[in-house]
1. Would you mind putting 302-310, 238-246, 606-614, 168-176 in packing order, based on average other-beta-carbon counts within 10 Å, highest first?
2. Take every Cα pair under 8 Å in the chain that's 6+ residues apart, average their separations, divide by the length, and report that relative contact order as a whole percent.
3. At a 4.7 angstrom Cβ threshold, list every cysteine in the chain that has nobody to pair with, or say none.
4. Restricting the count to DSSP beta bridges whose residues both fall in the range 417-506, what percent are antiparallel, rounded to a multiple of 5?
5. Can you show me the helix-derived [θ] at 222 nm for the chain, built from DSSP H runs with n ≥ 4 at -39,500 (n - 2.57) apiece and divided by the number of residues, rounded to the nearest 500.
6. Write down the percent of antiparallel bridges among all DSSP beta bridges whose residues are both part of the range 10-196, to the nearest 5.
7. Send over the semi-axes of the chain's equivalent ellipsoid, whole angstrom and largest first, taken as the square roots of 5 times the C-alpha gyration tensor eigenvalues.
8. Do any trypsin sites (Lys or Arg not before Pro) in the range 488-544 lie in a DSSP loop with no more than 13 other beta carbon atoms within 10 Å, and if so, which?
Amino acid sequence: MRKRRDTQPGYGRLLDAWTPPLDAGSPIGCVATTFTFDPVFFEEQCLGRLVQMETGANEDGKLYLVEREEKLSQLACAAVLVDQHNCRGTRSLRWDLLPARIQKGILHAKVSLLAWSNLVRLVVASANLTPDGYQRNQEIFGVLDYHEASASPLDCLREVLDFLGEASALVSWPADQCRALGRWQGFLKRVRQLAVRKSWGRESTPRKGPRVCLVVTGPGRPDAFASIRKNWPSGGPPKWAVVTSPFFDPPENDQPNKPAGALWDLLNQKGEATAEFNVIVEEIPGEEKLLVHAPRSLIETGPLHRSDVEVCISRLELEGRPLHAKSLWLESDCWWGHLIGSSNFTTAGLGLGPRTNIEANLLYLLSNAADKKALEQFAAGSLDGEEIETDACRWLEPDSAANEDEPSSEIVLPAEFGPATFRSCDDQSHEVVLTFNGQPPAGWSVQQEEGTPPLYDEARWLAGGTPAEVRIPWPMGNAAPSGFNVRWMGAAGPAWWPVNVEDARVLPPPDELRNLSLDDLVRILSSARPLHVLLRELSRSRQISGPVPGPDVDPHRRVDTSGFLLQRTRRVSLALSRMRERLEQPVGTAESLAWRLHGPVGVKALAKAILKEGVNDEEKSFLLTELALELSRVQPKSCAGCLPPAKVREAIRQTIGELCVDIQRAVRGAEANLGQYVESAFEEAGI
């Protein structure tokens, strides 16, 4: 039986990097960058692993929506910055989609920064956030974990935080117009406080141990080779280089290959030097020649007049996986180096020309004097090829139209369209706010779906005086939109206008969580089992229960005691006790605390159900007072990486204050002795 690749040293499944270890703590959030993008894959596979989803979209249907609502609503931030040519797709507004606009070049970096309360994880990869990138292609990626016992370099994390902060400026929307940008920046600040200020990692540079640094290219930045040269340790330049790349520059008037020339400038200038290129090579049916998926200029560029210089072409065996990995292996007399990430071996990918992509790579460095085990592990992460004779080869010259470094043909939303935001007007109404930064192309219109009447268009905009902001009422029963199609005169097709939410707490919950009865809430709050499991049981019990056939002659069974105050109080008291225990547990984010207090199965939902279903003012007053008392007894626990107890207590005090208003209103119609009980309870709670 052939050994699975992901069990071999140096191999792994990229999706596993989104799965937290057991001691990672509560999920806080993530931000990521990508060139091509699949929102369904990101939502179901990547975010699903980040928050440890137990249900599946295809298998569990509505229960998946419930669990997704519960778990994503507790993240401080989940956002993806996508190149403007690929920033589209239907999604949940529980996470943000941001377009990166670059004048010359593309956003090609694939960086993911994940955070839990006890762990920060950095993933730099060649793979886009798509099923092909994570599940089909041959890719390469590096993972750095930061925690209390981590030895990962903090300088690298600082550089990543700076890069991601600068990358958010590519959105080109004013921060005061786009709350999603505020969430992005807030998450980076939280990670900096969590990992950098607490020194989750190593500050010093080891003499022999592995070193890691970030290599980023883009407008105004050094090229990749300049960054390698800057970080390469003393002891002489590299003598051997192995390039792995699926894409190369197309030929240009018999000019030398610019990336190959820059590589030779990096290598040893006197004495031995070798450049090897790992590429796709195919058999040609009916011929003895081989078809090399690379430009001939690779072997024609360099100091070929030197007798001690060698250029090699090696054939990769990928077992049917399309090659998408990009790496540069370097070796000198003293050091090994491995550059991995998003940079193809192209002028734009390496930052060597006027049109420069934004790329991100990790440069790993290891001394040849390191122990044998470390050297073996280091070498395991490289792809090996079999050298071929180039005399009998046919060269498949790259086509610029098929080059990954070229922008796609997708219709790009004009910059005059600013952020589109879903927001709440009040408790009873929502709206979509469209912003404009100048004069859009003539004849534009905005549609919710293809073939539907325009939601808004140029004629109405002009009639309204070309406002910079347009507010469109959104019916409360309708699902929040994740984006709109925009057309204009002369456009070959629609562009996508992504919508982000102003405050995720205003998003309507799934139908299964709307208007839960008091009995349902009591049952949910009394249990320690996951919400989606309880809802499945509630659904089954409702299907099973029904009218009992024939008359029921047992007088005890004909008496329903579930509404009696004493019986209901006992059940509610258990729910309140469990609710207090849950509120005392450490909470990773303010959003998670808000879910416990204001979510559809939280404190305020329970209070609302009591007011709605209470038999009389006495019962309402009594149960609400018990709820306020239980909240006043909450003693939040402290935990590193979580919200401080003082912040939790303050949020609970505000909730108690809101409950007091409802209690005072209900107690006016209750008996006098109950009013005295409420006053004594308030005094005990210090309200």
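Read the figures in this text as sums done on the coordinates, not as results from a lab. Worth saying up front: this structure is predicted, and the values here are computed from it rather than measured. Don't worry about glycine lacking a Cβ; one is built from the backbone with ideal geometry, like all the others, and counts go over all protein chains shown.
1. 238-246, 606-614, 168-176, 302-310
2. Across the chain, relative contact order equals 14 percent.
3. Cysteines lacking a close Cβ partner in the chain: 30, 46, 77, 87, 156, 178, 213, 312, 334, 393, 425, 660.
4. 90 percent
5. Value at 222 nm, helices only, nearest 500: -9000 deg cm²/dmol.
6. Just about 60 percent of them are antiparallel.
7. 56, 29, 23
8. For trypsin sites (Lys or Arg not before Pro) across the range 488-544 that sit outside H, G, I, E and B with at most 13 neighbouring Cβ atoms in 10 Å, the list reads 514.
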